[in-house]
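A.B. asks: Provided herewith is a single structure, encoded as structure tokens, for subsequent inquiry.
Each reported figure results from applying straightforward, stated rules to the coordinates on display, with no laboratory input. Computed from a predicted structure; not experimentally measured. We place every Cβ from the backbone using ideal geometry, glycine too, and count neighbours over all the protein chains shown.
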Amino acid sequence: MTTQDHEEGVDLTLSSEMTPREIVAALNRYIVGQDEAKRAVAIALRNRVRRQHVTEDLRDEIIPKNILMIGPTGVGKTEIARRLAQLARAPFVKVEATKFTEVGYVGRDVDSIVRDLIDVAYRMVEKEHIRRVRPEAERLAQERLVELLAGGAPEEEATSGFPWPMPGLGGTAPDTTPVETAAADQQRHEEQVRQYEKVRQFTAQRLDLGELEDQEVEVDVEETSGQNLQIFSPQGMEEMGFNMQEMLGNLFPTQTTTRRMTVAQARELLTESEAQRLVDSAAIASQAVERVEQGGIVFLDELDKVAGREGGMGPDVSREGVQRDILPIIEGSTVQTKYGPVDTNHVLFICAGAFHVSKPSDLIPELQGRLPIRVELDSLSGEDFRRILVEPENSLVRQYTELLATEQVTITFSEDGLTEIAALAQEVNENTENIGARRLYTLMERLLEELSFEAPELKGQEISIDLDYVNRQLGDLAGDEDLSRYML
């Protein structure tokens, strides 16, 4: 929660935020099982809210309890962290530890984690500001559209400053006085203005009624001549490269290009343009920094791949160095970004890894101490696979049913069919490589491949995905271990 929230009078009482039980219930809508991990992240999220209500002298002393999730691939580690960030409406970034290398080797700098996070936060806050000013931006865009369609306002005609005729210059005719000429010009101009206002009103009415949506207009669009300029900077110097691109881009003048488009397209373009003028980029940057510092969440995956003590040579030479580089970010440090310095003391880090070969104890002691909460996620059983197929709101069964419904093909999954799919997923995982719930994606795609191909010719039909259908499509593949290694 930010200072801006206090200024706008948002309800920040504990009762206004989700309780741990409600957080777990919300996660249950998308993730099957893994109750221990859900409880851990729910407590961590609730503690962030609690921290905002302690006395100010203690608030900065309470640091988040970072979490280490241990479990095989495909059991829900990433999904839990991603859904948690959505519930918290917090800046969230997922990174793999294997992308980073020790300073001095080829690879990304760990500070880029924070820079990526602040970029996410800036876009998040910017969308909120644009949403707030959008009604005013739409009004201004509508006015610009009326001007484009009705033409510009009539300009008052300039008259010569000489009251007598002169060769090559306008002047007052001999039979009229300067006062009479000025009065006639003024009357003519007022009539033109009245006519223009009538055209504007009529055009505005037709715009409001949607009668001009398909009419084409010419819109002036600002384009920077250096917009395609690219800077290729060394790995680990992404921020320097970006700032160099901004600096060189500002050397090029802004050019205006006239584009022809429909009124509907022009309205959206003009609304975005007006909204960008109405928002304050400095205020957005300030709020983005505060939001990252108070509520940012980093999901650091594949941590087990950089576990292990220094070998001194070979491909593992920078493993411990990566851990030592990551350590200051997790401990709390200040990282310079293009939006200003960002303090990571209260950023929540959720780390994860399978730890099949290495163990959490292989991490350097300092890093282990910064991951006090350890959660072990369970491997998925056949019953878990079956629940994953139907229970989540975005379940695979629902996705494929809705996809084929667009072709007017109705598919239904029988109980024995779903049970067989889950059993096959478990069997293939046991016989080949255990990739968790991701195996269901492979099986479902193979199961419905023929039906998806022929769907346009099957309009109006109802097809049941029962045990016989599953065995016919998948039985031979699942039974042949060599085939399943390559096909499933």
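A.B. asks: Stretch ARG123-GLU445 to full length: gain in nm at 0.36 nm per residue minus the Cα-Cα span?
C.D. replies: Working: separation 322, 0.36 × 322 = 115.92 nm, distance 3.46 nm.
Fully extending the segment from ARG123 to GLU445 adds 112.5 nm.
A.B. asks: Turning to a different aspect of this structure: Run down the lysines and flag those whose C-alpha is under 22 Å from the C-alpha of LYS65, throwing out any fewer than 8 positions away in its chain.
C.D. replies: List returned: LYS38, LYS77, LYS94, LYS359.
A.B. asks: Using a Förster distance of 56 angstrom, determine the FRET efficiency expected from the C-beta separation of GLU415 and GLU218, and round it to 0.05. Working shown, then result.
C.D. replies: Details: r = 61 Å, r/R0 = 1.10.
In this case the efficiency is close to 0.35.
A.B. asks: Place the peptides 278-287, 84-93, 56-65 in order of packing, highest mean first, counting for every residue the other Cβ atoms within 10 Å and averaging per peptide.
C.D. replies: Details: 278-287: 15.7, 84-93: 19.7, 56-65: 12.2.
Highest to lowest by the protection proxy: 84-93, 278-287, 56-65.
A.B. asks: Taking the convex hull of the Cα atoms, report for region 349-416 its projected area averaged over all directions, in nm². Could you put the intermediate results ahead of the total?
C.D. replies: Details: hull surface 30.3 nm².
Reported value for the Cα convex hull: 7.6 nm².
A.B. asks: Now, a different point. Could you compute the FRET efficiency for GLU433 and GLN86, with r as their C-beta to C-beta distance and R0 at 35 Å, rounded to 0.05? Show your work: numbers first, answer last.
C.D. replies: Numbers: r = 30 Å, r/R0 = 0.86.
That gives a FRET efficiency of 0.70.
A.B. asks: Using per-residue counts of other Cβ atoms within 10 Å, averaged over each peptide, order 366-375, 419-428 from highest down. Present the calculation step by step, with values, prior to reporting the outcome.
C.D. replies: On the way: 366-375: 16.1, 419-428: 21.8.
Peptide ranking by packing, descending: 419-428, 366-375.
A.B. asks: Full extension from LYS99 to ILE43: what is 0.36 nm times the residue separation minus their Cα-Cα distance, to one decimal in nm?
C.D. replies: Values: separation 56, 0.36 × 56 = 20.16 nm, distance 2.96 nm.
Using 0.36 nm per residue and subtracting the Cα-Cα distance, I get 17.2 nm.
A.B. asks: Once the piece of chain linking LEU403 and SER281 is laid out straight, how much longer is it, given 0.36 nm per residue of separation minus the C-alpha distance between them?
C.D. replies: Numbers: separation 122, 0.36 × 122 = 43.92 nm, distance 4.07 nm.
Residue separation times 0.36 nm, minus the Cα-Cα distance, leaves 39.8 nm.
A.B. asks: May I have the pair-distance distribution P(r) for region 18-98, computed from all Cα-Cα distances with 10 Å bins from 0 and rounded to whole percent?
C.D. replies: Taking all Cα pairs of region 18-98, the binned fractions are 16, 48, 28, 7, 0 percent.
A.B. asks: May I pose another question? Could you sort the peptides 467-473, 410-416 by per-residue average Cβ neighbour count (10 Å cutoff), highest mean leading? Before the final figure, lay out the partial values.
C.D. replies: Values: 467-473: 16.7, 410-416: 14.6.
Highest-to-lowest ranking by the protection proxy: 467-473, 410-416.
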